[in-house]
1. On the given criteria, is C:Asp94 out of contact with any strand residue (DSSP E or B) (no Cβ under 7 Å at 6 or more places or on another chain), within 9 Å of chain D (Cβ to nearest Cβ) and without any contact (Cβ under 8 Å) to a residue 12 or more places away in the chain?
2. Sort out for me the strands (runs of 3 or more DSSP E) sitting completely within segment B:286-328 that have 1 or more residues that are of a type in the set (A, V, I, L, M, F, W, C) and modelled with pLDDT under 85.
3. Across segment B:344-359, what is the number of residues that are more than 15 Å from B:Gln298 (Cα to Cα) and assigned to a loop (DSSP other than H, G, I, E, B)?
4. Got at least one residue in segment B:302-325 being within 16 Å of B:Ala220 (Cβ to Cβ), crowded, with 23+ Cβ neighbours inside 10 Å and of a type outside the set (Ser, Thr, Tyr)?
5. Across segment A:69-101, which residue is farthest from C:Asp62 (Cα to Cα) among those that are in a loop (DSSP other than H, G, I, E, B) and within 10 Å of chain B (Cβ to nearest Cβ)?
6. Only one residue in B:Met254, B:Met261, B:Met267 is in contact with a Ser or Thr (Cβ under 9 Å, 6 or more places away or on another chain), assigned to a helix (DSSP H, G or I) and modelled with pLDDT of 85 or more. Which one?
7. Could you check segment B:117-128 and list, in sequence order, the residues that are within 12 Å of chain C (Cβ to nearest Cβ), within 15 Å of B:Ser192 (Cα to Cα) and in contact (Cβ under 8 Å) with a residue 12 or more places away in the chain?
8. Could you tell me which of the residues C:Val63, C:Val69 is touching a Pro at 6+ places or on another chain (Cβ under 7 Å) and assigned to a helix (DSSP H, G or I)?
Amino acid sequence: MLNNELPVTRDTLLNEVAARRHQGYRFVTVTCVDLGDRFDILYHFDKDYVLYNLRLSLGRTENLPSISSIFFAAVLVENELKDLFGIPVTDLAIDYGGRFLLSEGSPVAPQRKPDAPPAQPAQTKDGAVK
Amino acid sequence: MSKRTIIPFGPQHPVLPEPIQLRLVMEEERVVEALPAVGYIHRGLEKLVEKKDYNQCVFLAERVCGICSFLHSVTYCQGLEEIMSVTIPDRARFLRLIWGEVHRVHSHLLWLGLLADSFGFENVFMHAWRCREMVLDLLERTAGHRVMLGVSCVGGVRRDISDEGLADILRTVDALQKEFDEFVPVVLNDYSIKQRTVGVGKLTKEQAAELGAVGPVARASGIARDFRETGYAAYGEVGFKIVTETAGDCYARMKVRCGEMYECLNMVRRAVAAMPAGAINVPVKGNPTGEVVARLEQPRGEVIYYLKGNGAKNLERMRIRTPTFANLAPLLAMLPGCELADVPVIVLSIDPCISCTER
Amino acid sequence: MSASSKSPWIVHYNCNSCNGCDIEFVACLTPMYDVERFGILHVGNPKHADILVVTGSVNHRDVRVLRNVYAQMPEPKVVVALGVCTSSGGIFADCYNIFGDVSKVIPVDVYVPACPPRPEAMIDGIVQALGILERKRAGEVMPSAAKPVLTLRPTAAAEAAPAAAQAAEQGNA
Amino acid sequence: MIKRVFSNLFGSPATRLYPFTRREPFAGSRGQLKNDIAKCIFCGQCQRRCPADAIVVGKKPDKSWAFDRYRCIVCGYCVEVCPVKCLSMDPKHGD
């Protein structure tokens, strides 16, 4: 349990993120923890050296709405989630199609725990950036 | 509308010490849009925490990046100390500060050399790296290695600096100050350097705040934000001054880093003077349980470690957000509108560390 | 000695390294170590180079780039691998995105161990590479570099001989 | 700056003339791992602690200590945990 933590759901996530933006918070990063049956996705925001965290519990096959329309800087880290955990992130501002950090020959969704069969992330054949 | 061309910049490029590819959409000589293609150094070391125990991972964290190596391991150790409620001895906090600040000087000198190299100013490159060797020799004398210090451990530090060692540090710091006094004003007032950097790669304060810029990039745009202000390690006792600029261009970033080099030397002096005696580490028992976000100011900006332990000797999850990762989005905002020849200068002005970024 | 081994040109490619070896290699070019004394020049274009310096283990995206850089170099060419990541993966050997050590992709002539090697060790490695370059130029076929494992056994004269044999065997494997 | 120009032109060179003159390694510097095999008890502590798996200790009856310096990351952790202090870091950098 982190300090300043607020649980959110997929429906309230975008509203809460937008609220942080209006309060003058700076986007820091997104952390994903694979709990085995669900993902814990933590959104970290910072204001005056104090972190504010949103915790989203996501089912293994659920889509994740992108916050890149609110904080553009999140686009890189959301692509990373898509690559490493195979989480389908919707409405990304720049979509690398699962080829942000990984390439052909790399394992698919390597940080996802193996107990559940991994979902196929969307892939383009040539690995090109769309 | 004139014809658009896409120029791939990197991964193997004479001025880039590290592989990153930027796809530059050009309209004649002007950059319209830039897209980074990373992944050339992605190793996947976050996953390794599941195979190595938390003490071994100190060395793993150190090898996230070969430039700010010591500060990575300190962040990791601070995080674990917070989870396990360990209070480290005062002397260890001061030693961490001294090594950390000496590291910052070496990192900034390295960056100054590479920036000068990117616009073809070989003299500055050679001279900055010559001064940097003084710092590396100092690190080797005090910590045992030039780059990977390997002195941090959970619960303190693994090596003490003797009184002769401290005197040696002061001598080196004085020698460095003399060198800086000589060449930093020359670098900052040079006509050709100003031609290449003033007004190039502008980032406004609003953009910097919006895109989450950290470290010298944010401070050069007028955001007085430095995590050392919170007083972790011994920064609270030693105190320091934030260096800021408002112009937000490459020249301002250069000025910020040059100012920080002086500030680092002053902090090392004050820390050596106030150095407490006593133990350098405390034994740590048990395994970490719980989660924590550890933060620290590196030469390139604020680094974030998310650590989660579940009572086993291996951590469950380690996630690293490095400063360059945060500064990539601001870089993409700086590039459009600049000329092709300025691209290397702008890229190097954020002090990119790609191996940090991709881990 | 021919002209190219009196003045070998070097191209450097950073595969997957943490920057430690990289930066130390660049430090070799700067006044304190100054490899330009030996006529060594760091060039950006592999088509001009005699020696390829590789740092870091290879990941899946680098394989193609590294092969490409190597293929563009004119014969004879020598590969120097700096740091333990190039020879075994070092601490990162178990990472999921590591394709393997450099010898899986291109033949390596000289390994320089340590993490990162000191500039002195790098100079030694490059000087060794010059000798190999010279012999390759004369038409000799050079074997790839070995990575012998040092095996020590309890001090007994009888056991010393098999230990040496085993070390040689592991080196060839 | 003029002073620096003159000292660069006429002063002694900054370069260390390696390999013609070798500088003395600094005491306490971590160069390469050495094992005083006469003292070694083959306990396997170093193997368990090594972050890079560079050491393999053969147990009884076939006692051996195998060290792969092409894996070693020169961190010195094994030296620290060795119960009989037979491991040491030689400040010299290799051969």
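1. yes
2. Strands (runs of 3 or more DSSP E) meeting the threshold: B:315-321.
3. Of the residues in segment B:344-359, 1 are more than 15 Å from B:Gln298 (Cα to Cα) and assigned to a loop (DSSP other than H, G, I, E, B).
4. Yes; the residues of segment B:302-325 include at least one that is within 16 Å of B:Ala220 (Cβ to Cβ), crowded, with 23+ Cβ neighbours inside 10 Å and of a type outside the set (Ser, Thr, Tyr).
5. By that ranking, first place goes to A:Phe71.
6. After applying the criteria, what remains is B:Met254.
7. Listed by number, the residues that qualify are B:Asp117, B:Val124, B:Phe125.
8. After applying the criteria, what remains is C:Val69.
The values are calculated or read from the model by the stated rules, or taken from the named source; none is laboratory data. Keep in mind it's a predicted model, so treat the numbers as computed, not measured. Positions of Cβ are generated from backbone atoms using ideal geometry, with glycine treated the same way; all protein chains shown enter the neighbour counts.
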